[in-house]
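Asks: Sharing a structure below in C-alpha cells format, with a few things to ask.
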Amino acid sequence: MPVTTFIVDTHERLLPGWPVIGNALEIPKTHAWLKFTEWADEYGPIYQIQAFGTTLVIISKESIANDLLGLRGAIYSDRPALVMPRLISDDGFLGAIGWTDYWRRARRFTQSMLSTANIQQSVPKQTTEARQMVVDLAKSPSRYAYWLERAGVMTSVKQIYGLTEERGGHAEERHVHEIVSYMEEIDRVAVPGAYLVEFIPALLRLPTWLAPFKREAKVLVRRHWEYFELLMQQKSKKHVMNSDVSFARRFLKSKDDWGLSDREIVWVLSSIYGGASGTSATAMQSIILNTCLFPEWQQRIQNEIDEVVGGNRLPDMDDFASMPTVRAVIKESMRWRPVLSGGFPHAVTKDDVYEGYHIPKGAIIIPNQWAILREEQLYPDADSFKPERWLEPKYPTYQEPLTMYPNLKRFAGFGHGRRICPGLEVTEKSLFLQMSNLYWACNITRAKDENGREVDIPWYDYTGVAISTPHPFRFAVEEREEGRLKMMEQSALTEHEAEMTLVRTL
Ligand code: HEM
C-alpha cells in the first residue's frame with residue numbers, strides 16, 4: 001500500500017515577520033508529541049516542518065521508522081547537533097553523540113557489555129535490588145519515586161563499576177542524586193529553545209566571557225566528570241566488590257581490545273549508567289499507576305503469580321516464561337504511556353528520497369512514539385489500556401508461543417536501527433523482577449483521604465520533556481498475606497550481606 005506523504009506548506013505555517021524561525025513557535029515546549037500526533041492526523045504518517053532553517057521530519061508509523069532508521073541506517077543514524085548536551089558531557093554521552101568514530105567504538109563496547117550472556121550474570125543483583133525496592137515501598141509508599149530510582153541506580157553501580165554500598169546510607173543517596181542530576185541536566189539543556197546556540201551554532205565561536213552558556217557548561221562538565229571518574233578509579237577501595245564481571249573491570253582487563261582512551265571510557269560507562277537512569281523507574285511508575293486505574297489487571301497478574309509461584313517462595317527470573325500476563329501489562333504500559341513519548345531524534349547524513357518524498361541532508365528525523373504506538377491498524381482502540389492485545393489471538397499484535405511472547409524485543413519504544421537502545425534486555429529483566437515481586441507481596445490500591453474517600457488517580461498527568469514521567473500521585477501499599485514482606489526483606493538482606501562480606505574481606 002503506498003504511504004501517503006505530505007509536506008506541510010511551510011509558507012502557510014511561517015509566522016509573518018519571522019522567516020528564519022519557520023514553525024518553531026508553533027511547536028509546544030512541552031508535550032510536543034501531542035501536537036505532532038494532531039498534525040499527523042491532518043498531514044499523514046510522514047511530514048516535515050521547519051524550525052530555524054532546519055527541516056524536521058516527523059514519523060508516525062512504525063513501518064516508515066523501520067524503513068528509514070532501520071533499513072537505511074547507513075545514512076539515518078546521526079544525531080542532531082545537540083550542542084549543550086554535548087558540551088556538558090565533554091562530547092562523551094553516547095546517546096547525544098553524532099555518527100562518529102568515537103560513537104562506533106563506544107557502541108561496540110556498550111553492546112558487548114550488555115550482551116545476553118553478560119546481562120544474565122547481573123540477574124542476582126537485579127533480583128536483590130528489586131526485592132529491597134518492594135520492602136521500602138511497602139514501608140514508605142510516598143517515597144516511591146526514590147525507591148524505584150534507587151533500585152536501578154544501585155543495580156547499575158554494582159554491574160558497571162563493581163561497587164556496593166551500605167544499605168540506606170549516604171553513599172546510596174549520593175549515587176541516586178548524582179546520576180539523576182546528570183540526566184536531568186541533559187534533559188533540561190536539550191529542550192528546544194532553551195539555548196540560542198542550538199539554532200545559531202556560530203555562537204560557539206564566542207569567547208567564554210561573552211558566552212554564559214559556555215561558563216555554565218564548564219561548571220557542569222567538571223562536576224559530572226569528578227563523580228564518574230571517581231567511580232571508574234574505584235578509589236574508595238573498601239567498597240569494591242571482588243567481582244571480575246563489572247564493566248569497569250572487564251575494560252581494564254582487556255583495554256587494548258576496545259580502542260577507548262582512559263578519558264573516553266569514563267564517559268562511555270557514564271552513558272550506560274545514565275541511559276539506565278530514569279527510564280526503567282518511569283516505566284515502573286506507569287505500571288503502578290495503571291494497576292491503580294485498572295485493578296482488574298492487578299487481580300489477573302496476582303492470579304498468575306499465585307498459580308506459578310505459590311506462597312512459599314519468591315518470584316525470580318526462572319518464572320519469566322510462565323508469566324505472560326505480567327509481561328503483557330509491562331508491554332501495554334510502555335505502549336500506552338511511552339517512556340520517551342516524543343521519540344529520540346536521529347539525523348540524516350545525505351539527501352534522500354522516500355516514496356517520492358525528498359528528505360534533505362541534515363534533516364532531523366523524529367520517530368514520534370506517541371503516534372507510532374497508537375497506530376490504529378496495529379493497535380485497535382489504541383487509546384485504551386488493553387494488555388489483552390498481547391494475549392488473545394484476535395488482536396494483530398498477538399504472537400505465539402506465550403512462553404516467549406509478549407516480550408520487548410524490537411518494540412518501537414526502544415527506538416530503531418543502529419541506535420536502538422542497547423539496554424532493552426536489562427530493562428525487560430528488571431521490570432519483570434520488580435513487578436512480579438511487588439505484586440506477589442503487596443496489593444496496590446488507591447490512597448484514601450482523611451474522610452476515608454479514595455483519592456483520584458489522574459488519567460494522564462505526565463511531564464512533557466524527553467523522559468515523560470507521571471507527576472506525583474498517591475497510592476497505598478498493603479501486604480497481601482502476613483509474612484510475605486518478611487520473606488522479601490530476609491532475601492534482600494541475605495544477598496546484600498553476602499555482597500558486603502566480599503567487600504570487607506578485600
Ligand atoms: C524503560 C527503559 C528504557 C527505554 C524506554 C529506553 C529507550 C531508549 C531509546 C528510545 C533510545 C534511542 C534509540 C534511537 O535512537 O533509536 C535509547 C538509547 C539508549 N539507551 Fe535506552 N531505554 C531504556 C533503558 C535503558 C537502559 C537500562 C540502558 C542501559 C543499561 C540504556 C542505555 C541506552 C543508551 C546507552 C542509549 C544510546 C544509544 C545510542 O545512541 O547509540 N537504556 N534508549
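Asks: Quickly run through the range 69-83 and pick out the residues that are over 22 Å from the mean Cα position of the chain (by Cα) and either buried (at least 22 other Cβ atoms within 10 Å of the Cβ) or among the β-branched types (V, I, T) (or both).
Replies: Of everything in the range 69-83, just one residue is over 22 Å from the mean Cα position of the chain (by Cα) and either buried (at least 22 other Cβ atoms within 10 Å of the Cβ) or among the β-branched types (V, I, T) (or both), namely I75.
Asks: Here's something else I'd like to know. Six or more apart or on different chains, Cβ under 7 Å: which pairs go from a residue in the range 53-73 that's touching a residue at least 24 places away in the same chain (Cβ under 8 Å) and more than 18 Å from S341 (Cβ to Cβ) to one that's within 13 Å of the ligand (Cβ to nearest atom) and part of a helix (DSSP H, G or I)? Could you list them?
Replies: Cβ pairs passing all conditions: G70/G417; G73/G417; G73/R418.
Asks: Take the residues in the range 4-57 that are in a loop (DSSP other than H, G, I, E, B) and of a type in the set (S, T, Y), then tell me which one is modelled with the lowest pLDDT.
Replies: T4
Matching residues to (1) assigned to a helix (DSSP H, G or I); (2) surrounded by fewer than 19 Cβ atoms within 10 Å (Cβ to Cβ); (3) touching a helix residue (DSSP H, G or I) at 6+ places or on another chain (Cβ under 8 Å):
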site: P85; (1), (2), (3): yes, no, yes
site: G98; (1), (2), (3): no, yes, no
site: R105; (1), (2), (3): yes, yes, yes
site: R108; (1), (2), (3): yes, yes, no
site: Q111; (1), (2), (3): yes, yes, no
site: V135; (1), (2), (3): yes, no, yes
site: H177; (1), (2), (3): yes, yes, no
site: R188; (1), (2), (3): yes, yes, no
site: V197; (1), (2), (3): yes, no, yes
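Asks: Where residues in the range 252-286 are outside any helix (DSSP H, G or I) and hydroxyl-bearing (S, T, Y), which of them is surrounded by the fewest Cβ atoms within 10 Å (Cβ to Cβ)?
Replies: S254
Residues are listed down the side, and each one gets a yes or a no for (1) among the β-branched types (V, I, T); (2) in a helix (DSSP H, G or I); (3) within 16 Å of the ligand (Cβ to nearest atom):
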{"site": "G311", "(1), (2), (3)": "no, no, no"}
{"site": "V326", "(1), (2), (3)": "yes, yes, yes"}
{"site": "I330", "(1), (2), (3)": "yes, yes, yes"}
{"site": "P338", "(1), (2), (3)": "no, no, yes"}
{"site": "Y395", "(1), (2), (3)": "no, no, no"}
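Asks: Next question, about the same structure. Show the residue pairs meeting these rules: Cβ distance below 6 Å; 6+ apart or different chains; first residue within the range 97-110 and closer than 14 Å to D257 by Cβ; second residue more than 10 Å from the ligand (Cβ to nearest atom).
Replies: Filtered contacts from the range 97-110: R105/G259; R105/L260; F109/W258.
Asks: Same structure again: Looking for whichever is under 29 Å from E304 (Cβ atoms), within 16 Å of the ligand (Cβ to nearest atom) and among the aliphatic types (A, V, I, L, M) here; the options are L433, L493, L485. Which one fits?
Replies: The unique qualifying residue is L433.
Asks: Name the single residue that is nearest to R337 (Cα to Cα) among those in the range 24-52 being crowded, with 19+ Cβ neighbours inside 10 Å and without any contact (Cβ under 8 Å) to a residue 40 or more places away in the chain.
Replies: Step by step, filter the range 24-52, then rank; the result is W39.
Asks: Taking T427, is it free of Cβ contacts under 8 Å to residues at least 24 places away in the same chain and not in a loop (DSSP other than H, G, I, E, B)?
Replies: No, not satisfied.
Asks: Which ones in the range 431-448 are under 14 Å from L289 (Cα atoms) and among the charged types (D, E, K, R)?
Replies: R446
The values are calculated or read from the model by the stated rules, or taken from the named source; none is laboratory data. What you are looking at is a predicted structure, and each value in this text was computed from that prediction instead of being measured. Note that we place each Cβ from the backbone using ideal geometry, even for glycine, and neighbour counts take in every protein chain shown.
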